[in-house]
Structures are given as structure tokens and as C-alpha cells.
1. One residue is enough: does region B:103-114 have a residue meeting the conditions in a loop (DSSP other than H, G, I, E, B), within 12 Å of another protein chain (Cβ to nearest Cβ) and open to solvent by less than 10 Å² (accessible area, probe 1.4 Å)?
2. Taking the stated definitions as given, is A:ARG137 basic (Lys, Arg), over 23 Å from A:LYS195 (Cα atoms) and either modelled with pLDDT of 95 or more or open to solvent by less than 10 Å² (accessible area, probe 1.4 Å) (or both)?
3. Across region B:440-487, what is the number of residues that are within 14 Å of another protein chain (Cβ to nearest Cβ), β-branched (Val, Ile, Thr) and farther than 20 Å from B:VAL523 by Cβ?
4. Considering each of A:GLY30, A:GLY25, A:GLY6 in turn, give the residue that is within 11 Å of another protein chain (Cβ to nearest Cβ) and small (Gly, Ala, Ser).
5. Do the conditions hold for B:PRO451, that is, is it of a type outside the set (A, V, I, L, M) and in contact with a helix residue (DSSP H, G or I) (Cβ under 7 Å, 6 or more places away or on another chain)?
6. Does B:GLN419 satisfy being outside any loop (DSSP other than H, G, I, E, B) and more than 14 Å from chain A (Cβ to nearest Cβ)?
7. Answer with yes or no whether A:LEU178 is among the hydrophobic types (A, V, I, L, M, F, W, C), out of contact with any Cys (no Cβ under 8 Å at 6 or more places or on another chain) and at pLDDT below 95.
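The values are calculated or read from the model by the stated rules, or taken from the named source; none is laboratory data. Being a predicted model, the structure only gives us computed values, none of them experimental. Using ideal geometry, Cβ is built from the backbone for each residue, glycine included, and neighbour counts are taken over all protein chains shown. Only protein heavy atoms, including side chains, enter the accessible area calculation; ligands, DNA and RNA are left aside. Shrake-Rupley method; radii C 1.70, N 1.55, O 1.52, S 1.80 Å.
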Amino acid sequence: MKILVGIKRVVDYNVRVRVKPDGSGVDLDGAKMSINPFDEIALEEALRLREAGKAAEVIVVSIGPNACQQQLRTGLAMGADRAIQVDTEERLQPLAVARTFLAIAEKEQPGLFIVGKQAIDDDNSQTGQMLAALWNRPQATFASEVQVEGDTATVTREVDAGLETIEIDLPAVITTDLRLNEPRFVKLPDIMKAKRKPLEVIPLSDLGVANDNTLEIEHFAPPATREKGIMVDSAEALVTELKNRGLL
Amino acid sequence: MSEREVMEYDVVVVGAGPAGLACAIRLKQLDSERSVCIIEKASEIGAQILSGAVIEPQPLDDLLPGWRDNMPPHCIPVTEDAFLMLGKTGSKKLPTPPQSNNHGNFIVSLGAMCAWMAPQAEDLGVDIFPGYAAAGIHYRQDGSVGGVIIGDMGIAADGSQKSSYMEGIEIHAPMTIFSEGCRGHLSKQLIKKFDLDKDCDPQTYGIGTKELWQVKPGKSQPGRVQHSIGWPMDSHTYGGSFIYHLENDRIAIGFVTGLDYPDPNFQPWEAFQQFKNHPEIKTLFEGGEILSAGARAIVEGGYQSLPKTEMPGALLIGDGAGTLNVPKIKGVHQAMRGGMLAAEHLGQHADGKGYDKALRDSPIMAELKKVRNIRPGFHKGLWLGLINAGWETITGGYSPWTLKNHADHTALKRLEDYQSPERNWIDRELPPRDRLASVYFSTTAHEEDQPVHLQVADTDICINQCTVEYGNPCTRFCPAHVYEIVEEDGEMEGGKRLQINAANCVHCKTCDIKDPYQIINWVTPEGGSGPNYQNL
């Protein structure tokens, strides 16, 4: 079985993002970029499945300009067997991403397509679900445990009420939640090995994917800054303050 | 311990700053067959680089001809120089000292410049490994340096192995180049082991703090460079400021304090903020926002403090050796030249023998010799220091004497022996409010569950001796509020203990330098930890 893993190049979770002064977007100048942490968990899970003998090949795929080869190489250094970069300068929205992943899935015929439950830049949480619908295959989202036996996967999902365990037929789409695993550190010699692993570049236009972005972004704005608070000495003072403001 | 995995290179370079990158690039330019790698503890190249910075471009012309057609981001030519003497409320323009004439120089973000140099090194075939800390030195059986040991990953605070544990590998090479920057923790071990400083004065340092601001449109005059001395320093505390105007309404501001200050109550970070809130300075920043902030020690000892820079199997280059020119407030051109000189030397002498002499015969050392008496002249206070600086400048360093340097930690006076001057510091208005708020802008991240990388040999000294003698100056000189003396609770109630907030550490090395008992040892945390500076 092949496992495809979608990985997105996003601003690192440690970076303090700020909106550009003209509101045209987020200022990424000089900001550290990384694999979306949820996608890194997806890759770790795929690698563990391969190491457990449940899969034969792990392929990482990313959509974006050449810069995202850096994240694909990191994926290869973690242990993926090969990488695919769908080359485009455009910023794709979830539907177009799902269509692109579908085109890759049709080409590669994977048993599992694992992606993060959301990317930490746009926080859409749509790509996995849309991919399953377009592919017409089962989906198990927000996975915190995955077990594969033959043609089925048993997946524990994090849902509002707690945990839900479902069984799905493969091929299927799984989206990963935070508790699924802890991604491994990359071993230094593996960075060198990753340089020799295949990285295929496919122009987006070659996949025949319609990139009709349905949402138009007008402008970005930071959240309103919080007003300066006051310290109160006692519970009575707190109650008085709240009453004065008509909150009690 | 099990045998560690080993990778072999012809040359391993420790630290991807301007010296290390210039050295690696030159090595490959001279011999593309030679295998060269660079180890860097920061998560990305440039993420732990902090500098002013105004640079002299000649070494770049030499190393990367054509760079002016492919400039690093945030690099602009200097158009205007100003030098001020600040009072508490006003300022006087001083003539710009000749060393500070920046005509032909460039304002850069050194972090962005290193990030721009790295791919050029990679194109030449240099393997660069960011996120991996050189934690130890590999010695061969004959005692010579044979490479470095990469730090283990996934060790818990109690020293046990976590599920993510990964043993660090060793990188072996016939030649190891240490370009760790100021007060490198491995360089420190090497200087001690090989007695490299036996014929020179103790090294001396400063602490630089810097912020990058997005200011209101119209406030920045791109290319303008301004330095100041005076307020908020007293005449026995050496220090000064820089303000560099960048494009896109950005301004870099910083302040450097000599770590030979005597006052145990002095707070370098607060001095920086006081300067920034000076009535003539703060107008630049009002209505703006901080983009990035951080701190880094600077090597100031110069000519008479330069240790021997070669030892069997290894060389020291850059600020790790100590080639910065203090009166010029510039070290980048010296670091790059030193890196290139090391590469050229290795082209002819594979074992590095004779590098130290080559360095001392080079223009790098001539430049340091000329200005050698300027910085130590300030030991006698600001005014005598300025008069001496004038003399040394006019005579071009031909004085027949060389003034001595003394270790910075010995300059700190005990509380009972020192009357702190009345500072009259003002109520500040501009952010950040305090050091913790400032750390926020350094984007510092350390895995919390790892051993404390600031090793204090004997915390009893902190509580029983230092509190009385110096009042725990670590709680004041650290720009990131790493050290705190807190009340004990539980059984030990009523007592006090030293709390080390290691996760705040911005890797500046000030504590390792200034601690009066020299019981703080800075070691590298897990690779990839530490500040993630943006364009500092």
C-alpha cells in the first residue's frame, strides 16, 4: 500500500505574525517557515505505518513554489520515500487544493491519503473533507489513533463529546489531530540521504485542475488591542467596578 | 555509552555567521572537491544573528563579486552620519570620529545577510545543517581536535531519555573551524584546554540590545546612521547607542554597554530603554510598533586580548576569536576577512599550522593594532577616554604603549564598596514594558522539558554569598530575565533560591561573562532552541 501525505509550507508556530501595515496580508518577511505541524503528525503516522509493515511507500506532496521543496526535503529526511511538488506561484484555496490532491491520488492510487486536520496559517480545516468527497472515499477526521488491518482502518476521532472510534474501508482520507503522535527528530545523516531521494516537480497546469478561487480576500486586520486593565484590591471593589460598568 | 554514528568531512565549520559562511564559501571556491559542512544551532540560518549592523563591503566584493547586483534583503547604502552627545533632555552634535565615517558602507540586517549567504554556500556544495547544536568537541587520541559532537535530542529535564530521544552524531574532520561568535561555549573550552590566552590580556565584552521598529510613515530617512554617547550612562559606564534608518518605514535601534561596568546595581537592558525614551529619540518611535528584539554579547578586547587562534586540528575565527574593531563598532568585515584568510591558509597548509601568524601579519590585525588603546582608555571614565581616543586617533595608534584589558567580571564592585550614582531615570512610555515583554519579540522558543542549559556550579554561593556581596547582579544584567531570586515555599519556607527561567534565554552569553564568581556556564540547549530573530 502507498500512503500519500499532504504537507503545507506555513509560517512556523513560534513566529509572531503581524498584519502588513497596508492590510494586504500577513508579513512573512524574514519569518521562519516550517511544515504545518498537523501535517508533520500525518507524515509521522504514515512512517510508523510503513515501519509496522502496513505500508510499502510513503510519498509527501506539497503545492506551491520552489520554496516548499525545503519542507519536502525535510519530509524526505524524516523518512518519506519520495516527494512531489505541484508547482504554482498561486495561493490555492482548500477546494483547489483538494482537486489537486485528487489528481495526484488518481495518478498514484494510494491506500491512504493523510493530511493535517488544518493548516495553522489559514485554519480552514476543509481540505481533507473536500478531498474525500471528490474522491468518493471514506474519511476519518481529527484522528488521535489509527490502526490498519488489511483493507480497513480503525480510527479514533477527537469529537466535541469525547472520543469516537470508527472503522473505514480503504482507500480513505485521514486527517490528524494533535494527540496522534509526536513527530521524530530528523537525524543528520538522513538530511544527506534526503538530498538523493526523488523529488518530482509537476506544474499545476499539467494536472488540469481548475483553480477557481471562490473566496476573495479584501483585507487583513489584526484583532482589536485589549484595553489596559485595572487592578482591584478586594472582592467588594470588583463588584463595585462591575456594577459601575453595568455588567452586574 | 554506545558508539555514536559518525559523518566525515574535510572541514567542519561550527556556526553559520559571517565568519563561518565566508570561510566555507572560500574553501569551496578554492577547491570544489573539498567536503565542507556548517553546523548551526539556530533553527534557521540567521535566526540567532543579532548585529547593528553597518558593514564595510570590501570583503563581500572580494568573496562574492557581483553581490551588488544581487543584494541581501534590507541592505541599503549609508547616506548620512551623525554623532551625538546626549544629555538627559537634550543633545549636542559632535564631529563624527574618523573611524565612524560610514561613507561607502551599507546598513544591513546581518541575520538576513547570513540567510542570503547560506544558499550561495550551498550552491557551491557546502552542506549546511541548521537546528543542530555542536554540544561537544571530539578529540583524537593524540589530543588534537577531530571534530564535534552534536547534542542529543529528546532528553528530559531530569536527564532521562524521552520517547523522542535521538542520540547526536559525531562529525569528524581533519580540520574544525570554530566560528561560534562572541563567547562561544566550545571556543571557551578550547581556549582553556590549549591555554590559548596565556600570552594575551583577558578578553573583554559588551552587551548589545537591539529592536527593529515599524515606524510611522515619514519618520525613517533611509540610509541615515546615528550614534550617541552620554545619557543614560554615567561617566564610569562605557556605552553608546545606534539608530539605523531602513527602507519601508523601519528603524533599527540599539544600545551597547561595556561589561566592565562597576555598579552591581546597573541594568544594561534598562539603560537601553532609557535611551530609547529620551525626548529627542522617542519621537521617532511614537505610534510605531516593535517587529523584533533581542540581545547579544559583543567581543571588545581587540588586539591585546586576541587569543592564539590555532591549535592542533582546529582554528578560531570571527568574534569567537575576537577580531571586532570597537571604535569602528564593526566586526563583520573583520570576521569575513578572517574566515577567508583561514580558508586560503588551509589551501596551502592542510593542518592549519601557521594560521595564527598569518592572521597577525594580516590587515585584520593591523586594523586592530591601530585602535588598540582606544577602548581601554575609557577605564578612566568618559572624559579621559575621549581625550585618549582623540590622541590615539591623531597618532594613528603609534603610541609606544599598549593599555591593559581586565576581565569584565573582576570590574564589578561589591555593594559595600560602591555608591551607585543617582541615575534619575525617567518613567518610560514606549513599549516593551519590561524584559519579559521584550523576550516576546525575540520569538524565543525552548522545549521546556530539557535540562537547564545555564549551569550554575554552586547555587549556595548565589543565596549565601552573592546576595550579600553583590545583590545577585544576574537578576539585572540578564536582558531576558532568566535569573530570579524567589522565596522558597513548603518545608524551606522563609529561605530563598535561585530560579533559572532557561526558556527565556536569548543566548547572549552575558551571564557567562559577567557573573562575578564565574560559576555560570552557558552550554547549548537542544538544537533549534533559542531565539528566532526576524531581520535583526
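1. Checking region B:103-114: at least one residue is in a loop (DSSP other than H, G, I, E, B), within 12 Å of another protein chain (Cβ to nearest Cβ) and open to solvent by less than 10 Å² (accessible area, probe 1.4 Å).
2. Answer is yes for this residue.
3. Selection size over region B:440-487: 1.
4. A:GLY30
5. The answer is no for B:PRO451.
6. Considered against the rule, which asks whether it is outside any loop (DSSP other than H, G, I, E, B) and more than 14 Å from chain A (Cβ to nearest Cβ), B:GLN419 comes out as no.
7. On the way: among the hydrophobic types (A, V, I, L, M, F, W, C): yes; out of contact with any Cys (no Cβ under 8 Å at 6 or more places or on another chain): yes; at pLDDT below 95: no.
For A:LEU178, the condition - among the hydrophobic types (A, V, I, L, M, F, W, C), out of contact with any Cys (no Cβ under 8 Å at 6 or more places or on another chain) and at pLDDT below 95 - is not met.
Quick grid of which residues meet (1) open to solvent by 10 Å² or more (accessible area, probe 1.4 Å); (2) closer than 26 Å to B:TRP383 by Cβ; (3) assigned by TED's automatic domain parsing to the domain that holds B:LEU186:
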| residue | (1), (2), (3) |
| --- | --- |
| B:SER241 | no, yes, no |
| B:PHE275 | no, yes, no |
| B:ILE281 | no, yes, no |
| B:GLY287 | yes, no, no |
| B:ILE298 | yes, yes, no |
| B:ILE317 | no, no, yes |
| B:ILE329 | yes, yes, yes |
| B:HIS333 | no, no, yes |
| B:HIS349 | yes, no, yes |
